[in-house]
Amino acid sequence: MNPEGLTIRDVRKTFGAFQALSDIQIDIPKGKFTCLLGPSGCGKTTLLRIISGLERPDSGTVLLGGRDITPLPAAKRNFGIVFQSYALFPNMTVSANIAYGLKGKIPRRDVEAKLDEMLRLMDLEAIRDRYPSQISGGQQQRVALARAVALSPEVLLLDEPLSALDAKVRVKLREELCLLQQRLGITTVMVTHDQEEALTMADRIIVMDHGQVVQIGTPQEVYDRPNTPFVADFIGAINFFPVQEKNNPLYAMRPEHIIIAPDGAEDAMDDGFRSFRAVVQHIEFRGAFYRISLLPIDENGSAAVTAVTVDVSAQVAQQYRLERDTVMTLQLPADRLLQYPPKAVGAYAEARP
Amino acid sequence: MTRTDSSARIDSQPQLPPDNRGPAPGSRIQRTFERFRRSWGTAEWIQAAALLTMLLLLTVLIILPLISIFKQAFLTVDGSYAGLAYFQTYLESPALLQSLQNTVFVSFMTTIIAVPLAFLLAYVLTRTDIRGKSLYKAAALLPLFAPTMMHGIGLTYLFGHQGLISTGFFGWLPFELRIPLYGPVGIIISEVIYTFPQAFLILTAALSISDYRLYEAAETLGANKLKKLFTVTLPSVKYALMSAIIVCATLSFTDFGAPKVVGGQFNVLATDIFKQVVGQQNMALGAVVSIVLTLPAVLAFVIDRIVTRRQQAYVTSRSTPYAVRPHRMRNGVAHTYAGLIALAMLTLLAAVVTASLVKVWPYQMTFSWDNYKFTDSAAGGFAPFWNSLRMAAITAVIGTFITFLFAYLIEHIRILPLVRQAGYFLSIMPLALPGLVIGLAYIFFFNDPGNPLNVIYGTMSILVLANIAHFYSVPFMTATTSLKMMDKEFENVSLSMNVSWLRSFMRITLPLSLPAIMEMAIYFFINAMVTVSAVIFLYGADLKLASVAIVSMDDAGDTAQAAAMSVLIICTNLIVRLLYEAYSARIRHKTVAWRER
Ligand SMILES: Nc1ncnc2c1ncn2[C@@H]1O[C@H](COP(=O)(O)OP(=O)(O)O)[C@@H](O)[C@H]1O
Ligand SMILES: [Mg+2]
């Protein structure tokens, strides 16, 4: 239980016969940036809507600072919400949109002051009298954000706020959003299906799949120690090393952790490395690094079917003169090796299409 | 030097001077023509011929008759220019000015009553989850199937001297409920009934596309119900509301049927035209009143066109449909309101049906078919009904054919953009023309001995043509919308007007447009059955129509027979509509699977 932030206990939600959320338990720390991360359709928006009060859970409770707010309608919660497609009022100017929630809540004189403050904060002064259809997607996004935070809400909820923007604007707004959150110190929950977004922005990531929470942790924890094969695969790139025998654990390792060495360098460092030979299949230039896929070779010299992906720096790639059909040795450092119990493997294999 | 070369290459017309001020206008036309000749194949020439024929036909059907009205208003009998003399006569006649004032009053009152009533019903049926919505909707749309005289006749049986309600259920109740029906009150009630379904349809369409995201955004910003109504609902239907207001105002401004039946001594512009033309044979003054009647309608039409375009821009592709939350109290209120409206509509219809089926209302309330024999001289037997049926059927078939063809030409042909724009404009213009004005324009134009087309005067042909011109615009827009929705890929095929074009037209365009085509035919049929304004000047001596018979029977005091004829019309229309619904349910079954790929 966290008496300070948001707490969600035993929340369930069904749509007809479809179980959208099952048994959700989450603690969202006060003043921090939390990301709900998961593939499309896993129930992130539904959970966010339940937190906002726009949707009712079938059972379970939502607590804010220890107070049960489950029965409160959205209008009474003072949460700021930015919708996936912004939902700006098309018949109102930028100013009118931002001032919408302020009017009637605070004295008229203060509305003007607050509005000016928001326009300045979000750098919207130049377009204050335009209509939503007359401004760019990035600007619309900032207006939606300004409208949501104008009332100094206790919690800010964002549903894929950046997904409708093009890549350049998205990266810029990511930074702005983080800065704004830090400046206001507002408890923030952002929904996203983009793992990079979650890793770069969040203080805490909640990974969801099929209406369930699968892992909660800092970006480093979730990236370095994904607790299921699904999380490992969903966040970042990963190699799985299937072992033929049943009841053996599934091993996995991220491409950048695999060490590539010249052929025959098996026993270079004898500290629990697993190593094997592999032949270069494909080299992909990624700017700062190369992503190499290799096919492991067994003792008889025949190649396996599933490739292993390894990330190497440009320097290393040049040093070894990597090209197609070069045979190399791959080493898997024990401290980076991920290991999953066989049950989870079966479950994940079934869940994968 | 270089420039000369390149221009010669582009134009391949070396005989033109290398003049950078451009060629003379004459040679430019020649050049344009040359370009056509080079780039146009047979297909383009056929297309051009089709477009020009269309424009010619629209001109004959709409523009030339309208011009003849202006001729009547501005020229003396011997053909010299009369200037504003007739308009002066008009302005100097206190009676005619009084009618203008009356008409404005009726139109204003009708609008401020009908639009809120229709808005509430549209709101109730789109924003609640009550059951029986389709029944409530059907009841609200009933007046569309009846001639406007029927509303007046129904009102006389309810609120007239011997009305059911005005006499307190023939004295069963201890009190009477008399209203001064004959005059403005009766006209306004009739017009409200007449315009209500039109406003209801416009507002329902707008309310059902509102964007639910905005309601949620408002909700999270702490807005209460009232604030949501004023900041989300009303702005999103603002243009539809204006459109509904314009339609109600125009329809009630120009209607002829209701004032004829319940107007009493209260004159309006539409009855004035009739009196000037039929009663006093004063064609010039009739033409002047027609122009006075049309001007506001044209103005309203222009405003409506602008407004409709704005409304379309309001809807975005990201909109989500309105999600109704359960609420018992609200649903109770909704049921009550929708039920009251349905009750009012059904009571009116029931009064007319009952009156037509009894011996003598209210003295001999025993069942009898006598009123359906139409024996009195004013009625003229059953012939008017058959004439109307025949006219409506022909109008539906020919009207639908022409309308669809024209919409297709305007929508799918790529050449001659100006001709197509002119065609489009002429196609939506009839929306602004009151039926009486079309009728009058048609007599002036086709009754002119100098017009080679005057052979059709007094025949079925002129009735059909007048109806097509009168009701052309709405089916035209239906066809255009349907054609626009069709896959763009088919368009390429149809660009080459050859055998494969014909085949693609018959096998793809036509079947896909079938629902729209049926809708258009029904619209033509029903409106041709109920209309009186355009045809009252045009029917021949041996070609009396049902709607005209209603007017003359009512004039002659045979109200019960007029009621019987109204019942025949509404029954015919309802049967046609129900057959169509059954048919379209089957078609939908087939094409939905097809469309959903
Ligand atoms: N109002 C609703 N009615 C029925 N099903 C819904 C509704 N809202 C969401 N769902 C379903 O619940 C699942 C989760 O939806 P959502 O929370 O929007 O997913 P996400 O935001 O993670 O992509 C989806 O399968 C979706 O189809
Ligand atoms: Mg979502």
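All of the numbers you see were taken from the coordinates with simple rules; none came from a lab. Not measured: the values here are computed from a predicted model. Backbone-built Cβ (ideal geometry, glycine too); neighbour counts: all protein chains shown.
Here are a few things to note about the model shown:
- For region B:434-440, backbone phi angles converted through the Karplus equation (6.51, -1.76, 1.60; θ = phi - 60°) give residue-by-residue couplings of x, x, 4, 5, 4, x, 5 Hz, Gly and Pro being listed as x.
- Shape of region A:6-233, Cα gyration tensor, a/c cut at 1.5: prolate
- Scattering from chain B was approximated by placing one identical point on each alpha carbon and applying the Debye formula without solvent; log10 I(q)/I(0) at 0.07, 0.09, 0.12 1/Å stands at -0.51, -0.82, -1.33.
- Separation between Cα centres of region A:1-45 and region B:511-573, rounded to whole Å: 63
- Whether region A:103-193 is rounded, prolate or oblate, judged on the alpha carbon gyration tensor where a/c under 1.5 counts as rounded: oblate
- Each peptide among B:433-442, B:418-427, A:135-144, A:278-287 gets the average number of other Cβ atoms lying within 10 Å of its residues, and from highest to lowest they stand as B:433-442, A:135-144, B:418-427, A:278-287.
- Nearest 10 degrees, 0 to 90: helix B:2-11 Cα axis against chain B principal axis: 50
- The modelled label-to-label distance for the pair A:Gln281/B:Ile587, using points 7 Å beyond Cα in the direction of Cβ, is 5.6 nm.
- With each label modelled as a point 7 angstrom along the Cα→C-beta vector, the A:Lys105-B:Leu346 pair spans 4.8 nm.
- Counting Cβ atoms of other protein chains within 10 Å of each Cβ in A:47-53 and taking the mean gives 1.
- Spatial extent of the protein assembly as shown: Rg and Dmax, with the Cα atoms as the point set, Å: 37.7, 120
- Amide H to amide H, with H built 1.01 Å from N, A:Glu154 comes under 5 Å of A:Gly80, counting only residues 5 or more places away or on other chains.
- Amide proton proximity set for B:Thr320, modelled H, under 5 Å, gap of 5+: B:Tyr212, B:Arg213
- In a fully extended conformation the segment linking B:Ala383 and B:Asp555 would gain 60.0 nm over its present Cα-Cα distance, using 0.36 nm per residue.
- In the structure shown, the pairs A:Lys32/A:Lys103; A:Lys32/A:Lys168; A:Lys76/A:Lys114; A:Lys103/B:Lys225; B:Lys133/B:Lys484; B:Lys260/B:Lys544 are assessed against 23 Å; a Cα-Cα span above that value is assigned to A:Lys32/A:Lys103; A:Lys32/A:Lys168; B:Lys133/B:Lys484.
- Cα shape, region B:377-597, gyration tensor, a/c 1.5 rule: oblate
- Burial order of peptide ranges B:230-242, B:574-586 (average beta-carbon count within 10 Å, highest first): B:230-242, B:574-586
- Straight-line reach from B:Lys227: taking Cα to Cα under 19 Å and skipping same-chain neighbours fewer than 8 places apart, the aspartates and glutamates in range are B:Asp211, B:Glu216, B:Glu219.
- FRET efficiency estimate (nearest 0.05) - Cβ-Cβ, A:His210 to A:Arg291, R0 30 angstrom: 0.55
- Sites A:Glu125 and B:Leu56 - FRET efficiency at Förster radius 56 Å, r taken between beta-carbons, to 0.05: 0.45
- Maximal additional length on extending the B:Leu418-B:Ser368 stretch stands at 11.9 nm, based on 0.36 nm per residue less the C-alpha distance.
- Shielding value for A:73-84 is 4, the average number of Cβ atoms from other chains within 10 Å of each residue's Cβ.
- Angle in degrees between helix B:510-530 and the longest Cα principal axis of chain B, rounded to the nearest 10: 40
- Angle in degrees between helix B:148-159 and the longest Cα principal axis of chain B, rounded to the nearest 10: 20
- Compared with the alpha-carbon gap, the fully stretched path from B:Met460 to B:Arg305 is longer by 52.5 nm at 0.36 nm per residue.
- In percent, rounded to a whole number, the relative contact order of chain A is 16, using alpha-carbon pairs under 8 Å and six or more apart.
- Whole-Å distance, taken between Cα centres, linking region B:153-200 and region A:76-96: 49
- FRET efficiency for B:Met506 and A:Gln134, using Cβ-Cβ distance with R0 set to 56 Å, rounded to 0.05: 0.75
- Alpha-carbon centroid distance for the pair region B:94-110 / region B:257-275, whole angstrom: 11
- Counting, for every residue in B:97-108, the Cβ atoms of other protein chains within 10 Å of its Cβ and taking the mean gives 0.
- Label separation (B:Leu453 vs B:Leu64): 0.4 nm, computed from points 7 Å beyond Cα along the C-beta direction.
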